[in-house]
Amino acid sequence: MAVNLLDFDLEGLAAFCESLGEKKFRATQLFRWVHQKGASQFDDMSDLAKSLRDKLRGHAEVRALPVITQHISADGTIKWLFDVGNGDAVETVFIPESDRGTLCISSQAGCAVGCRFCSTGHQGFSRNLKTWEILAQLWFAEHFLRSHLGVSDRVISNVVMMGMGEPLQNYAALVPALKVMLDDHGYGLSRRRVTVSTSGVVPMMDRLGEDCPVALAVSLHAPEDSLRDNLVPLNRKYPLKELMEACRRYLAHAPRDFITFEYCMLDGVNDHPEHAKLLLQLVKESGVPCKFNLIPFNPFPASGLLRSSNNAVQAFARILLDGGLVTTIRKTRGDDIDAACGQLAGDVKDRTNVGTRISKQRTVMLQQVRDFETRGNDGMRND
């Protein structure tokens, strides 16, 4: 069976070439043809010896993911739905801006974390993607965009592992993919411009810092454990104290001197002024240099949640800014094609009865919010 060359980082491709009786330097030539030039036919690789091309035809291929649909938003955002087999699909989103082009890549078909505000998590988990399936999203998008825009220069300057799935729960496939993105013979992306987003898989955060440190974004979404337990169920395994300690350890290796904390703004759930004050306290006590990215929630029917009002988001941001934290409010992009943050769901089936479980958890979460409000009112009366 032919191997897919998208499955190799440069070191792996060198070993493959050696197995064919070829010199290691041939791997660099081949790597450039595949990733920099987007070649998928060996006959197009003109500076490779004919004998090598003949060997490659018998043992290898460059196989892309089939595109099921492509949607282009009014703001220029593009969303692709890729077929990964067995009825599963993953989504990839390109976000053009004046100073950069960002590609949001999926790492799993579905997601096992089950965050309450994420449509992907509501549909359950199917499987991890392979390295080539992660890279195929970048490979297709980069070379499609070059052709579409009529340019030869690199179009994608930033990659964020923020699509479907928890990247650090697919670590073995993730790291080789990251290495290809960073390799000067591949896509040549800066470590500062490749971001892995995690809901807080603490042991894998430590491993990533050692193996392939890139920019890190942490899905925080709550300032204290009881609320985060319900919004981000992984918190029950790795609570906030452990998570913040892992963030501090990661900074010793990170290409940036701060962690980005993602915070999805949910009306009446985590957007009170008291929540902002607790975030300031959490950051001060942890000593983690950071910036906050406040994300307007993109509602979907099954969540039972609503987007915070613009006034609430602005007031929340002002408290953080006044407290000395760099804070931005994410501009919603591609929501007319369901490509905005938290909307990626693809055609993943609900195989886990997750809807019933989330309904039960929602009841608990709302009770905790009421308890939080009661504690806050009592505190004000005591003052």
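Every number here is computed from the coordinates shown, using simple stated rules; none is lab data. If you're wondering where the values come from, they're calculated on a predicted model, not measured in any experiment. Positions of Cβ are generated from backbone atoms using ideal geometry, with glycine treated the same way; all protein chains shown enter the neighbour counts.
Enter the angle in degrees (range 0 to 90, nearest 10) between the Cα long axis of helix 354-382 and the first principal axis of the Cα atoms of the chain, meaning the one along which they spread out most. Taking Cα atoms only, the helix is inclined about 40 degrees.
Taken over the range 1-143, the convex hull of the Cα atoms encloses 146 Å³ per residue.
Under a 5 Å amide H cut-off, with hydrogens placed 1.01 Å from N, GLY101 pairs with SER157, ASN158 among residues at least 5 apart or on other chains. Between LEU305 and PHE300, the built amide H atoms are under 5 Å apart, and every one of these is 5 or more places off in sequence or on another chain. Taking a straight line from the alpha carbon of LYS284, these lysines sit under 29 Å away, with near neighbours fewer than eight places off in the same chain left out: LYS237, LYS241, LYS331. Look at the Cα gyration tensor of the range 3-61: its axes a ≥ b ≥ c give a/c under 1.5, and that counts as rounded. Relative to the longest principal axis of the Cα atoms of the chain, the long axis of helix 171-182 lies at roughly 70 degrees. Helix 273-286 axis versus longest C-alpha principal axis of the chain: approximately 60°, rounded to the nearest ten. Based on C-alpha pairs under 8 angstrom that are at least 6 apart in sequence, the chain has a relative contact order of 17 percent. If only the Cβ of Lys and Arg carry +1 and only the Cβ of Asp and Glu carry -1, the dipole of the range 3-61 around its Cα centre is close to 220 debye.
Assuming charge only on the beta carbon of Lys and Arg (+1) and of Asp and Glu (-1), the dipole of the chain about its Cα centre is about 220 debye to the nearest 20.
Just report the Cα centroid separation between the range 1-73 and the range 282-314, whole Å. Their Cα centres are 43 Å away from one another.
Based on the Stokes-Einstein relation at 25 °C and a viscosity of 0.890 mPa s, and on the Kirkwood radius from alpha carbon pairs, the chain is assigned a translational diffusion coefficient of 112 µm²/s.
May I ask you to list the lysines whose Cα is less than 16 Å away from that of LYS277, ignoring any residue fewer than eight positions away on the same chain? In chain and number order, the partners are LYS291. Listed by chain and number, the lysines whose alpha-carbon sits under 27 Å from that of LYS24, ignoring those within fewer than 8 places in the same chain, are LYS37, LYS50, LYS55, LYS130, LYS179.
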